[in-house]
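The structure appears right after this line, and notes come after that.
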Amino acid sequence: MDFKNHKLITQPKDIGDLDYNSLPGLTSPFEPLIYECPYHASIHEILIEWIDSTASVTVNGGARRTKFYTGSDRPLRAHDLLFDWIESLLYDAVRRLAMYTNSAYNESPDETRIFKIADYWGMMYDEGGGAVLHNHFPYSLSFGYYLRVPEGSSPLIVEEYKIPVEEGRLVLWAAHQPHEVPDCEVGGRCMIAGNVSYAGVFR
Ligand SMILES: [Fe+2]
C-alpha cells in the first residue's frame, strides 16, 4: 500500500528526527500494513448483522461497540474465516514491522514467532460518532477490519498516517501507536477491531 498520497500532516519523520528516539538508529516509524480479505463477500452481511444487533455500549467519541470477546470466542463461522485468515498474516506482518527496529526479535527462531488474536469487538459508527485518540498498549499489534464503508465515511488515522478505509480491508499497526477516527458525517461505518498478542515461547 502506498501511503504517499494519504499523509495527514507531514511525510514520516526520519528515524533520527523522532522526538522519542534518543538512541540514534535504534528504531523506526511503524508504517501500518494493509491487506484485502478474499472472504469479504461471504462474511460481511452476517458480521454486520451481528454487530448491529449487539453493539449497545457507547464509547468515548460516540460510536457503538459490542462487548469484548476473547480471540477464541467465535460465535459465527464467519468469525473463524476472518480470524484464521488474519492469524495467517501475522508472521509476515510482524516481520515487516520489526525489520528496522534493531529488535532481538529479528534473530529469534521461527518456531517462537507465534501471534494470536487476543481479543476483538465490533464497532458501529452512527452519524456524528467517532473514536478519540488512544492506543492499545500493551498488546503487540492492533487491527481494524472494515465491513461496511458508506460514501463519506471517516478514515482511520494512525499517528501521521491517514488511511482510507474500504470494505474488505484489513489494517494492522503496532498496538502502541496512537490512533483515532474523526466524527463520521454519515452513519453506517461498521468494522471489527482487535488486538494481537505475542505468544513467543509461551505455548
Ligand atoms: Fe483503537
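When you filter the GluC sites (Glu not before Pro) in region 92-145 for DSSP loop state and at most 15 other Cβ atoms inside 10 Å of their Cβ, you are left with Glu127.
Answer rounded, prolate or oblate for the chain, using the Cα gyration tensor with square roots of eigenvalues a ≥ b ≥ c: rounded when a/c is under 1.5, else prolate when a/b is larger than b/c, else oblate.
It is oblate, given that a/c is not under 1.5 and a/b is not larger than b/c.
Farthest toward the positive end of the dipole of region 52-203, out of Pro164, Ala174, Tyr91, is the Cα of Tyr91, where the dipole comes from beta carbon charges about the Cα centre. If R0 is taken as 35 Å, the Cβ-Cβ distance between Glu107 and Ser72 corresponds to a FRET efficiency of 0.70.
Candidates Asn60, Cys184, Leu147 compared by Cα position along the dipole of region 29-202: farthest toward the positive end lies Asn60, with charges placed on Cβ.
Taken along the Cα-to-beta-carbon direction at a fixed 7 Å, the label points for Arg95 and Val57 span 3.5 nm. Helix 40-54 and the longest principal axis of the Cα set of the chain meet at an angle near 70°. When shorter helices are ignored and each DSSP H run of at least 4 residues is given -39500 (n - 2.57), the per-residue value for the chain at 222 nm works out to -6000 deg cm²/dmol. Mean-square fluctuations from a GNM of the chain, with a 10 angstrom spring cutoff on Cα atoms, peak among Ile114, Ile51, Ile163 at Ile114.
The charge dipole of region 52-203, taken about its Cα centre with unit charges on the Cβ of Lys, Arg, Asp and Glu (plus for the first two, minus for the last two), comes to roughly 340 debye. Using only Cα atoms and rounding to the nearest 10 degrees, what angle (0 to 90) does helix 77-98 make with the longest principal axis of the chain? Tilt relative to the chain: about 20 degrees. Out of Met191, Met123, Met99, any idea which swings most in a Gaussian network model of the chain, alpha carbons joined below 10 Å? Maximum fluctuation in the GNM of the chain, among the listed residues, is at Met99.
Bear in mind these aren't lab numbers, they're just calculated from the coordinates by the rules spelled out. Since the structure is predicted, the reported quantities are computational estimates derived from the model, not experimental observations. No Cβ is skipped: glycine too gets one built from the backbone with ideal geometry, and neighbour counts run over all protein chains shown.
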